[in-house]
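Here is the structure we will look at, set down as structure tokens.
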Amino acid sequence: MSIWIILKFFGSLALLMFGMKAMSDSLQKMAGPQLRHILGAMTTNRFTGVLAGIFVTAAVQSSTATTLMTVSFVNAGLITLVQAISVILGAHIGTTVTAWIMSLAFSLDIVNFVYPAFFIGIILIYMKKRRIIGDFLFGVAFLFLGLGTLKATGFEMANNPETGQMIHDFFSNFNEPSFWNSLFFLVMGTVLTLFVQSSAAIMAFTMILCSTGVLHFDQGIMLVLGENIGTTITSNIVAMNANVSARRAAFSHLSINVLGVTWALILLRPFIHLICQLIGFDRHMASDDPGYAANLIKAPIVLAAFHTAFNVTNTLLLIWFVPLIERFVCWVIQSQNLEEEEDFRLHFITSGLMKTPELSVLEAHKEIASFSERMQRMFGMVRELLTEKDEQKFSKLFERIEKYEGISDNMEIEIAKYLEQVLDAHVSDDTKSKIRAMLREISELESIGDSCYNMARTINRKMQAKQDHFTEKQYEHLHQMMELTENALTQMNILMSGRKESYDVNRTFNIENEINNFRNQLKSQNILDINNHEYTYAVGTIYLDIIAECEKVGDYVVNVVEARMGTRQKEV
């Protein structure tokens, strides 16, 4: 019989976690674009950043989601580290709303109200335009159903002769308020939160233990403090593959909570005494006291009040030291001075981050802009290669171009995989259109890399055949063609890193026309020059191969610009 009670307990905990996730996901989908604008608009200083963190976390009911969203923004270069720290401070206050919702569920019998929510939710889900609201209602209903079942099962476990005695015997070994027992529950709260990946679920677990009298209230407080540290580790694990700024933002989250727990441990007894006095809770009441059961009912409210008081006080204390926290995390996580081409990885897209499709698209835009800049740098190396006479330097430069060609292939594949994952989520038609355009962009950018590599191989072939040399006129024409191509790439990068509303697309089309006309002129001139024996046919072939690849780069640039602008070049 006891095994079924235990399974029922963990099943209700899983139901609670599923409800929290469904509710949070649906809220993020409903408010996705707005959340990005809120965070962008409200992070002008540390105080408005705190307000933004409170508002967004209260809106999505997940401090982890807000923190990971903030880390994503830092990773994408949308907000600074100081702004991110202030948002994280605010997120700690916003997350206390969840604890109050849970304490309400423990104080009131709300299970019967979830069934109408299920009924309304299923109707809305079948109405396509209201599906997200239906998902939200289902999430809320599952959350409260999980809480209600968890509460009932917790009392059933505590009163069961087998499980009750077993649980009581285990926790009675640690109920003495000693340093080591407190440390044990602090570590337990951290580890459980890290393992479950939900501080809300562990908070509910703590409320059950305290409200049934199994766990002493003081040790329940240590579990709550441990949850605050455990919830920060998720963002640090996820940010490991992000850029330096994002890793610093995640580490600041951990630092803030460790600092908070440190001062809370020093002032713990007077702090707890004050909270208990305000709520009217006697944490020293004996189990044989007549008012013991009525006193225990208040335990979830006191835990929620402590959670709120701790996070509000911690934010009010640390908000004045945000610049110092920034300096500290920058000192701990120092930037690595690696050449970008020697360290292939996606700089703005990070796997595993919980984010909205809109934020994912924004990060992909940033990554594609970085891809575009790399391709222009690769073309710059080809221009260097053309005039490099030293064999050793030539060989090293050619190796770098080869490496860049591999980078371009990898970037196309990784960005495409990421965009395909975003498409698998529930995205709007407008977002789908943006993703299709971006898939076209990365394909054309990779083609630019191929053309640059083809030019480098052609130049390398000429270098190996030492008897083949370009004339001064050929070098002059090649430099002119490459300058036009460079201008096209520059215009493309202006568009990729800026706003398309302010971009004049005719500039790209005009440069492309110049490249085409110049290519045609050089082809005709090449035939005359070979006939006049100014250079050999073999040299003329190599020369025209480079010219043709430059013209191809110009075509690919136009394709990228058209994909970003959502236009097609008019037929001339």
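Residue separation times 0.36 nm, minus the C-alpha to C-alpha distance between residue 520 and residue 18: what's the value?
Result: 174.3 nm gained on full extension.
Round to the nearest 0.05 the FRET efficiency obtained for residue 45 and residue 565 when R0 = 45 Å and r is the Cβ-Cβ distance.
E between residue 45 and residue 565, to the nearest 0.05, is 0.80.
Residue by residue through region 516-523, what is 3J(HN,Hα) from phi via Karplus (6.51 cos²θ - 1.76 cosθ + 1.60, θ = phi - 60°)? Round to whole Hz and write x for glycine and proline.
For region 516-523, the Karplus curve yields 4, 5, 5, 4, 4, 5, 5, 4 Hz.
From the phi of every residue in region 475-488, what ³J(HN,Hα) in whole Hz does the Karplus formula 6.51 cos²θ - 1.76 cosθ + 1.60 yield, where θ is phi - 60° and glycine or proline is x?
Karplus-based 3J(HN,Hα) across region 475-488 equals 4, 4, 5, 4, 5, 5, 5, 5, 5, 4, 5, 4, 4, 5 Hz.
Looking at the square roots a ≥ b ≥ c of the eigenvalues of the Cα gyration tensor of region 282-325, which shape do they give, rounded for a/c under 1.5, prolate if a/b is larger than b/c, or oblate?
Judged from the Cα gyration tensor, region 282-325 comes out prolate (a/c at least 1.5, a/b above b/c).
Applying 1/(1 + (r/R0)^6) with R0 = 35 Å to the Cβ-Cβ distance of residue 410 and residue 237, what FRET efficiency is obtained, to the nearest 0.05?
0.90
Quick check on region 357-502: take the gyration tensor over C-alpha atoms, sort the square-rooted eigenvalues as a ≥ b ≥ c, and tell me if it's rounded (a/c under 1.5), prolate or oblate. Write out the running numbers ahead of the final one.
Working: a/c = 3.47, a/b = 2.21, b/c = 1.57.
The shape class here is prolate.
Using Stokes-Einstein with the Kirkwood hydrodynamic radius over Cα pairs, what translational diffusion coefficient do you get for region 512-556 at 20 °C and a viscosity of 1.002 mPa s, in µm²/s rounded to a whole number?
It comes out at roughly 198 µm²/s.
Using the heavy atoms of the protein chains alone and a 1.4 angstrom probe, what is the accessible area of region 247-292 per residue in square angstrom?
54 Å²
Residue by residue, what Karplus-based ³J(HN,Hα) values in Hz, rounded to whole numbers, does region 492-502 have, using 6.51, -1.76 and 1.60 with θ = phi - 60° and x for Gly and Pro?
Taking θ as phi minus 60°, the curve returns 4, 6, 4, 5, 5, 9, x, 9, 5, 5, 9 Hz for region 492-502.
How do the peptides 374-381, 80-87, 324-331 rank, highest first, by the average count of neighbouring beta carbon atoms within 10 Å per residue? Spell out each step's value before the answer.
On the way: 374-381: 20.4, 80-87: 24.8, 324-331: 15.5.
So the peptides 374-381, 80-87, 324-331, ranked by packing, come out 80-87, 374-381, 324-331.
What is the ratio of the Cα radius of gyration of region 230-324 to 2.2 N^0.38 Å, with N the residue count, to two decimals?
Taking N as the residue count of region 230-324, the ratio is 1.44.
Using a 7 Å offset from the Cα along the Cα-to-Cβ direction at both residue 424 and residue 500, what is the distance between the two label points in nm, to one decimal?
Between residue 424 and residue 500, the simple spin-label model gives 2.6 nm.
Given 0.36 nm per residue, what is the gain on full extension from residue 316 to residue 130 after removing their alpha carbon distance, in nm?
63.0 nm
Per residue, how many Å² of accessible area does region 428-572 show with a 1.4 Å probe?
For region 428-572, the solvent-accessible area averages 51 Å² per residue.
Name the long-range amide H neighbours of residue 79: under 5 Å, sequence gap of 5 or more, or other chain; modelled H, no Pro or chain starts.
74
In what sequence, highest mean first, do 540-547, 470-477, 299-306 appear when ranked by Cβ atoms within 10 angstrom?
Taking the mean over residues of other Cβ atoms within 10 Å, the ranking is 299-306, 540-547, 470-477.
Please work out the FRET efficiency for the pair residue 432 and residue 285, using the Cβ-Cβ distance as r and a Förster radius of 45 Å; give the result to the nearest 0.05.
0.15
The values are calculated or read from the model by the stated rules, or taken from the named source; none is laboratory data. In this text the structure is predicted, and so the values were computed from the model without any measurement. Every residue, glycine among them, receives a Cβ derived from its backbone with ideal geometry; neighbour counts consider all protein chains shown. Calculation scope for accessible area: heavy atoms of the full protein, side chains included, ligands and nucleic acids excluded. Shrake-Rupley method; radii C 1.70, N 1.55, O 1.52, S 1.80 Å.
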